[in-house]
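Peer 1: There's a structure below that I have some questions on.
The values are calculated or read from the model by the stated rules, or taken from the named source; none is laboratory data. Because the structure is predicted, anything quoted here is derived from the model rather than measured. Backbone-built Cβ (ideal geometry, glycine too); neighbour counts: all protein chains shown. All accessible areas refer to the heavy atoms of the entire protein, side chains included, with ligands and DNA or RNA removed. Shrake-Rupley method; radii C 1.70, N 1.55, O 1.52, S 1.80 Å.
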Amino acid sequence: LLVYLTLIAIFTPFTFHFIRFQTEITDFLFGEMTHKIANGLGWKIDPYENFTSDSLQLHLLYGILFVMASVLLIILKRFEFINKHSRQLDQFLRSILVYFLALITLKYGLDKLNGNQFYFPEPNLLFTPLGYLDKDILYWSVMGTSPGYVCFLGVIEIITALLILFRKTRVVGLVFALITYTQVVAINFGFDISVKLFSSYLLVITLTLLYPYLVITYQGLKSQTPILFSNQQFRQNKKRLIVESLAIIFILVEACYPAYVSNKMNHEIPAEGNMYGAYEVINPSNPRGIKRIFIHKDDYLIMQTTDDEFVDFKLSWSMDKDIIYITDYNNQIFT
């Protein structure tokens, strides 16, 4: 299980800043393979999804990695050196998973603070009738209207990640992570949010790392003796201390740098003057039946018809000439 979970941590594409090559490596090694498997089974892979969460290609990747882990374990068990040092290998893989879990949790926490997760809903969503919204968009939008609560969740995740990073507080951090990711998985399945596979994976990592401590706790409660978590199995040496310190520094920089670069906090909206917002059409009897026009913060122009249908265009403009350019999905430009 540890080998399998580690392979997933290595090859699952994620929005890292300093290790962007990870996505390219995964696509190079498994892209064509997953397409061939899908074609052989009569399945169709959406070309726009790639290895995004809950996509068919990501499910196939996890299946391939499971086979790889099984084969790799069979091969490694044939070597006496591996059998002799199995405990050290187990600790090494657990360390990788600990730092990976801390990194992802810290990134999720900071994303909530800087507005990259549960951001304030766009004007077109605010004017969409409630019954027209899918459950995932509805949940995401409602959460985005409460920046205080979102920031509270972000702070909890940041504290959880920091507790996991350090040995003396790791057990407490893993308990926090168990509570956090159990709730996240329940929300993702309950509201059909498309991060179900990856969030379930993070929950499995948490349970795997916490399992030895749960066993000790159960045995202590059963025998009614004092429960003691010993750190003797983690005896330090200078080399290991240096490696772990570098790992912690990298995690902090990788997680914090994007938030530092964005230089914004949750609930901030674009500054005045860039046309962001919702506009009502004064004459609703226009030929196209448009009653509202929305300017999205990511430079999209969205039109809402009198039948509450939405049509979107890529937006650019020449402010000095008062000209707006919109581009449809056929790359046709209108002014």
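Peer 1: Contact list please: Cβ distance under 6 Å, first residue in the range 41-56 and of a type outside the set (D, E), second residue in a loop (DSSP other than H, G, I, E, B) and at pLDDT below 80, pairs at least six apart or on different chains.
Peer 2: Partner pairs satisfying both residue conditions: S55/E49; L56/I45.
Peer 1: Select from the range 217-234 the residues that are open to solvent by 60 Å² or more (accessible area, probe 1.4 Å) and at pLDDT 70 or above and write down the one among them that is farthest from S146 (Cα to Cα).
Peer 2: S223
Peer 1: Give the range 200-216 a look and list any residue that's open to solvent by less than 20 Å² (accessible area, probe 1.4 Å) and without any contact (Cβ under 8 Å) to a residue 40 or more places away in the chain, or say none.
Peer 2: The one that is open to solvent by less than 20 Å² (accessible area, probe 1.4 Å) and without any contact (Cβ under 8 Å) to a residue 40 or more places away in the chain: L210.
Peer 1: Please count how many residues of the range 297-309 are surrounded by fewer than 19 Cβ atoms within 10 Å (Cβ to Cβ) and under 28 Å from the mean Cα position of the chain (by Cα).
Peer 2: Residues that pass the stated criteria total 4.
Peer 1: Show the residue pairs meeting these rules: Cβ distance below 8 Å; 6+ apart or different chains; first residue within the range 166-193 and aromatic (F, W, Y); second residue exposed (fewer than 13 other Cβ atoms within 10 Å of the Cβ).
Peer 2: Listed pairs, sorted by first residue: F191/K135.
Peer 1: With the structure loaded, tell me whether L73 is crowded, with 16+ Cβ neighbours inside 10 Å and in contact (Cβ under 8 Å) with a residue 24 or more places away in the chain or whether it fails that test.
Peer 2: When the stated conditions are applied, L73 does not pass them.
The rows are residues; the columns are (1) among the polar types (S, T, N, Q); (2) outside any helix (DSSP H, G or I).
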{"residue": "V171", "(1), (2)": "no, no"}
{"residue": "T180", "(1), (2)": "yes, no"}
{"residue": "D192", "(1), (2)": "no, yes"}
{"residue": "I216", "(1), (2)": "no, no"}
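Peer 1: Here's a follow-up. Filter the range 310-335 for residues that are open to solvent by 80 Å² or more (accessible area, probe 1.4 Å) and among the acidic types (D, E); which is nearest to G131 (Cα to Cα)?
Peer 2: D322
Peer 1: Take the range 154-170 and flag every residue that is crowded, with 18+ Cβ neighbours inside 10 Å and out of contact with any Gly (no Cβ under 9 Å at 6 or more places or on another chain).
Peer 2: Correct list: R170 only.
Peer 1: Okay, moving on. Taking the options N237, N286, N266, name whichever one is at pLDDT below 85, within 27 Å of C151 (Cβ to Cβ) and not β-branched (V, I, T).
Peer 2: On inspection, the qualifying residue turns out to be N266.
Peer 1: Inside the range 5-58, can you point out the residues that are of a type in the set (S, T, Y), open to solvent by 50 Å² or more (accessible area, probe 1.4 Å) and either in contact with a strand residue (DSSP E or B) (Cβ under 6 Å, 6 or more places away or on another chain) or more than 25 Å from V253 (Cα to Cα) (or both)?
Peer 2: Matches in the range 5-58: Y48 only.
Peer 1: What's the total number of residues in the range 279-335 that are more than 27 Å from F120 (Cβ to Cβ) and among the aliphatic types (A, V, I, L, M)?
Peer 2: Matching residues across the range 279-335 total 2.
Peer 1: Specify which of the listed residues (L101, L65) is under 20 Å from T208 (Cβ atoms), at pLDDT 90 or above and under 17 Å from the mean Cα position of the chain (by Cα).
Peer 2: On inspection, the qualifying residue turns out to be L101.
Residue by residue, here is whether (1) open to solvent by less than 30 Å² (accessible area, probe 1.4 Å); (2) modelled with pLDDT under 95; (3) among the aliphatic types (A, V, I, L, M) holds:
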residue: N114; (1), (2), (3): yes, yes, no
residue: L130; (1), (2), (3): no, yes, yes
residue: D134; (1), (2), (3): no, yes, no
residue: F152; (1), (2), (3): no, yes, no
residue: A186; (1), (2), (3): no, no, yes
